[in-house]
Amino acid sequence: MKEVQEMSAQMKRLNIADEKFSGKKAFGFSLVRLGNILAGLMIGEVTYFATNSLALTAAAISTGVAIKTAIDAVTDLIMGTIVDRTHTKYGKARPYVLAGILMWITLIACFAVPTSWFAGMAPERRNLWMVVYITVFNALHSAIFSTIVNIAYETHIKRSIVKEENRIKSLTVIGIIYAVGSLVLQMVLPAIINIFHGSQTGFVLMAVVTAIFGIIACIVCFFLCPEYTEEELAAFGGYDVEEANKKIPISEFLKDVLKNKYLVMYTCINFLYMVILMSSFTTGQYYFQYVFGNLGTFSIVMVMSAILLPLYFFIPKICKRFGVAAVIRTTMIIAVIGVLIRVVAPSLLPTQCIGYLCVSLPNIFVACVGSQINFECMEYGRYKTGVIAEGMYSAFVSFAQKMATSLSSLIIGVILSVSGFDYLTAAVVNNGFTDWSELSALGTEGYEKYVEGGTHTVEAAMSGINFAYNWMPLIFLVICIILFCFFHLERDLKELRVANGLNEDGSMKK
C-alpha cells in the first residue's frame, strides 16, 4: 500500500482536522434512523395483523416469516458487495438512501392485502395465497430493500463525515432520536392499533402515514447528506484513489477478514450482546411472571430505564476522553455487577430496578456510537490488507446481529423446554386456571396435584427461567469483556496512522 509520502503530487492533501460539524447532516441521518424505527415497528406487527385482521393461522404466517428470515440471512454480504461496487457521481452509499422509497412501498403492500382477490376461494386456498402474498412483500421489504438501506446507511455516514469527533457527535444525536423515538412509538403504536380495533383499514392507514414520513426522510437525507468524492476521501486518508475503485469479490473479502482480528472480535461481541439485548424483554416477562410473581412490576422496572436518558448528552465527551471501545467495555463490567445485584437479592424491587438499569447501560453506547468501532475496523483493514471495503464490513456485523436476533428466541425456547416449563403451561390450561399466579397461590399442594412431576418440576422450570434471565446474559457479558481485554483497535490504529505519515487522530501533520 502506498504511504502518504508516495501519493501523487497532483492530489492536494486534505486535513481531517479542518472538517466542521454539520448539523444538517446529523439531522438528515437522524430522520432516516427515525424512519427505520417506524418501519421496524410496523413490520413487526405483520404476524399480529395477519392473525387478528385477516384471520390467518399463526402456524401459516410463522412459516412465511421463517421463509423470509432464511432469505434475509443470505442477502447481507450480497448487498454489501453491491454497495462496495457502486461508483456514481452521488457517491457509493448515498444513492441507496432512495432505495428506502421502495422499502416503504413494499411495507404498505404487506398490509394492503387485496382480500377481494381471494374472496371466492376455499378457506384453505384463500389462506395459502394470502400468506404467499404477505411473504413475498415481507421478503422484498426486509431481505432486499431494508437490508441494502441499512448496510448503506453506515457506509454513508462514514463517507460523509470523516472527523472522528464529528462522527461521534452525529451518532449521539442520532442515538438520542432513536432512544426517544423508540420509547414514544412503542407506547403509542398499541394505542393506535386499539383505536382502529385491529382492523385492516387501520393498519393500512398507519402504514401509509408512516411511509409518507419515511419517504420524505429519505429524500431530505439524500439532499442534506452528500458524500465526499473518492478523490477527497483519498486525500483525507492518504491513499491512492485507484485502491478505492478496486472491485472486491466476497471470497477475497472473507479471506481478508481473517487478517482483521478486530472485525472478527467485534462481530463476536455484537452477536453475543445482541442475543442479550433481544432476549432480555422476553426472559424478563417470564421471570417477573413466574419467578418474581408479578408481571406488572416488570413495567415499573423498564420505565426506570428512562433515568439514563440524560446520559446521552455526555456521550461525545466521555468517548473522546476514554475511547469508544474502552467505554463500552466499562459499561459491560457495570452490567455484570447489575446482574449480580439482582441475583443476590432477587425478591427486592429496588435491586431489580438497579440491575436492569446496569444491564441496559451498554446498549446506550452500542446504539449511539457502536458504528464508530466499525468505522475504525474499516480503516484498520485498509492499512493491514490494502483492501478498501465499507459496505461489506457493515454487512458482516449486520449478519451477526440478524443471526443473534433469530437465535435468541431459539435459545430461550430450548432453555425453557429442557427445564420443563411446558409442564407449567399445561397445568394451567388443562386444569382451567386463569393464569399461573392462580395455580401458584395454592403452593406446594397445588404443584403436587396439578403439575406433572410436582414441586421438582416447578423448581426446575424456575431455575431455567432464572438461568435465561440472569446467568445467560452474565456468561455472555463476561465473554464480551474478555474479548475487549484483547481489543486494542484504537491503540493499533493510532500507530498505523503515524506509520503512514498522519497524526494519531488521522489528521495531516503540519
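By the beta-carbon count within 10 Å of each Cβ, the least crowded to most crowded order of 442, 140, fewest first, is 442, 140. Each residue, residue 205 and residue 55, gets one label point 7 Å from its Cα in the Cβ direction; the gap between the two is 2.3 nm. Take the Cβ atoms of residue 21 and residue 122, set R0 to 60 Å, and the FRET efficiency comes out at 0.45.
At q = 0.08 Å⁻¹, what log₁₀ I(q)/I(0) does the chain have when each alpha carbon counts as one equal point scatterer in the Debye sum? The computed values of log10 I(q)/I(0) come out as -0.56.
Relative to the Cα centre, what is the charge dipole magnitude of the chain, using +1 at the beta carbon of each Lys and Arg, -1 at the beta carbon of each Asp and Glu, and rounding to the nearest 20 debye? Write out the running numbers ahead of the final one.
Working: 38 positive and 36 negative charges, 271 e Å.
With Lys and Arg at +1 and Asp and Glu at -1, about 1300 debye.
Could you compute the FRET efficiency for residue 63 and residue 503, with r as their C-beta to C-beta distance and R0 at 41 Å, rounded to 0.05?
Working: r = 56 Å, r/R0 = 1.36.
Computed FRET efficiency for residue 63 and residue 503: 0.15.
Pairs spanning more than 30 Å between alpha-carbon atoms, out of 163/261; 169/402; 247/320; 317/509; 68/89: 247/320; 68/89.
Ranked for footprinting exposure by Cβ neighbours inside 10 Å, fewest first, 408, 417 give 417, 408. For the chain, the longest principal axis of the alpha carbon atoms and the long axis of helix 489-499 meet at an angle near 10°.
Any chance you could give the angle, 0 to 90 degrees and rounded to 10, that helix 324-344 forms with the longest Cα principal axis of the chain? In the chain, helix 324-344 runs at an angle near 20 degrees to the longest axis. Summary value for the range 371-481: 22 percent relative contact order, contacts being C-alpha pairs under 8 angstrom separated by 6+ residues. For residue 479 and residue 78 in the same chain, what is the full-extension length gain: residue separation times 0.36 nm, less their Cα-Cα distance, in nm? Extra length from residue 479 to residue 78 when fully extended: 141.4 nm. A straight chain from residue 165 to residue 459 at 0.36 nm per residue would run longer than the Cα-Cα distance by 100.7 nm. Starting from the Cα of residue 422, step 7 Å along the direction of its Cβ; do the same at residue 232; then give the gap between the two resulting points in nm. According to this spin-label approximation, the distance is 6.0 nm. Modelled spin labels at residue 343 and residue 410, positioned 7 Å past Cα toward Cβ, are 2.6 nm from each other. Computed over the chain, the per-residue total of -39500 (n - 2.57) for DSSP H runs of n ≥ 4 gives a 222 nm mean residue ellipticity of -24000 deg cm²/dmol, rounded to 500. The calculated FRET efficiency for the pair residue 437 and residue 322, based on their C-beta separation and a Förster distance of 56 Å, comes to about 0.75.
In whole Å, what is the distance between the alpha-carbon centres of the range 56-107 and the range 461-477? Using only Cα atoms to place each centre, the spacing works out to 34 Å. Toward the positive end of the charge dipole of the chain, with +1 on the Cβ of Lys and Arg and -1 on the Cβ of Asp and Glu, the farthest Cα among 134, 451, 366 is that of 366. Computed packing ranks the peptides 376-388, 84-96 as 376-388, 84-96, most packed first, by mean other Cβ atoms within 10 Å.
Between 0 and 90 degrees, the angle of helix 454-466 with respect to the longest Cα principal axis of the chain falls at about 20 degrees. Of the residues 65, 397, 414, the one with the fewest other Cβ atoms within 10 Å heads the list, and the complete ranking is 414, 65, 397. Between the amide H of residue 502 and any residue lying 5 or more places away or on another chain, no distance stays under 5 Å, with hydrogens modeled in the peptide plane.
All of the numbers you see were taken from the coordinates with simple rules; none came from a lab. In this text the structure is predicted, and so the values were computed from the model without any measurement. Every residue, glycine among them, receives a Cβ derived from its backbone with ideal geometry; neighbour counts consider all protein chains shown.
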